[in-house]
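K.L.:
After the structure tokens below, expect a handful of questions from me.
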Amino acid sequence: QVQLVESGGGLVQPGGSLRLSCSASGSIFGIDPMGWYRQAPGKRRELVATIYRSGRTNYADSVKGRFTASRDNDKNTVDLQLNSLKPEDTAVYYCYTQKGLRDFWGQGTQVAVSS
């Protein structure tokens with residue numbers, strides 16, 4: 001089993017920034033990729049960013065240029081820097097990873113963007 005714990009969500013005004021962090025523990029050997037999904041009220045969960053052990057990243061078009069994922073392979077952590085936040089970024093953000101054919105998820109952290 002892999003356990004993922006997120007932190008760093010909160011309420012921010014439009015144009016503001018937040019940093020989310022996720023720490024993996026348990027059976028962490030071979031986990032790859034790591035990344036972030038989000039789910040807004042009434043909407044499906046969607047991919048935000050993926051980062052591989054190699055450093056390769058993928059981003060949703062809606063966050064390109066505003067969000068940046070980073071990963072520390074030694075510490076088994078993945079962060080997401082959220083800049084230029086918009087109200088439509090409001091969602092619960094979930095950390096995730098894969099090991100073999102299994103997906104693992106964190107409990108989620110709320111990000112709210114509002115004036």
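The values are calculated or read from the model by the stated rules, or taken from the named source; none is laboratory data. Please read all numbers here as calculations on a predicted model, not as lab measurements. Here the Cβ is made from the backbone with ideal geometry for all residues, glycine too, and neighbour counts use every protein chain on show. For accessibility, only protein heavy atoms count, side chains too; no ligands or nucleic acids. Shrake-Rupley method; radii C 1.70, N 1.55, O 1.52, S 1.80 Å.
K.L.:
For the chain, what is the accessible area per residue in Å², given a 1.4 Å probe and the full set of protein chains?
P.N.:
Numbers: 6120 Å² over 115 residues.
Accessible area per residue, the chain: 53 Å².
K.L.:
Using only alpha carbon positions, build the gyration tensor of the stretch 55-115, then give the equivalent ellipsoid semi-axes as the square roots of 5 times its eigenvalues, largest first, whole angstrom.
P.N.:
Over the Cα atoms of the stretch 55-115, the ellipsoid semi-axes are 23, 15, 11 Å.
K.L.:
Obtain the nm distance between the two label points defined at Ser17 and Phe29 by a simple spin-label model: each point lies 7 Å from its Cα along the Cα-to-C-beta direction.
P.N.:
3.8
K.L.:
Using 0.36 nm times the number of residues separating Gln98 and Asp72, minus their current alpha carbon distance, what extension gain do you get?
P.N.:
Full-extension gain reported as 7.8 nm.
K.L.:
Could you please state, rounded to a whole Å, how far the C-alpha centre of the stretch 31-53 is from the C-alpha centre of the stretch 87-113?
P.N.:
First find each Cα centre; the distance between them is then 5 Å.
K.L.:
Using a 1.4 angstrom probe on heavy atoms only, work out the carbon and sulfur share of the accessible area of the stretch 35-115 in %.
P.N.:
On the way: 2010 of 4420 Å².
Within the stretch 35-115, the accessible surface is 45 percent carbon and sulfur.
K.L.:
Using r as the Cβ-Cβ distance of Ala40 and Gln81, and R0 as 25 Å, what FRET efficiency do you calculate, to the nearest 0.05?
P.N.:
0.80
K.L.:
Amide H to amide H, which residues 5 or more places from Gly26 or on other chains are under 5 Å from it, using H placed in the peptide plane?
P.N.:
Amide H to amide H, under 5 Å and 5 or more residues apart or across chains, Gly26 pairs with Gln3.
K.L.:
Can you compute the equivalent ellipsoid semi-axes for the chain, i.e. the square root of 5 times each eigenvalue of the Cα gyration tensor, sorted largest first and rounded to whole Å?
P.N.:
Values: eigenvalues 110, 38, 31 Å².
After diagonalising the Cα gyration tensor, the semi-axes are 23, 14, 12 Å.
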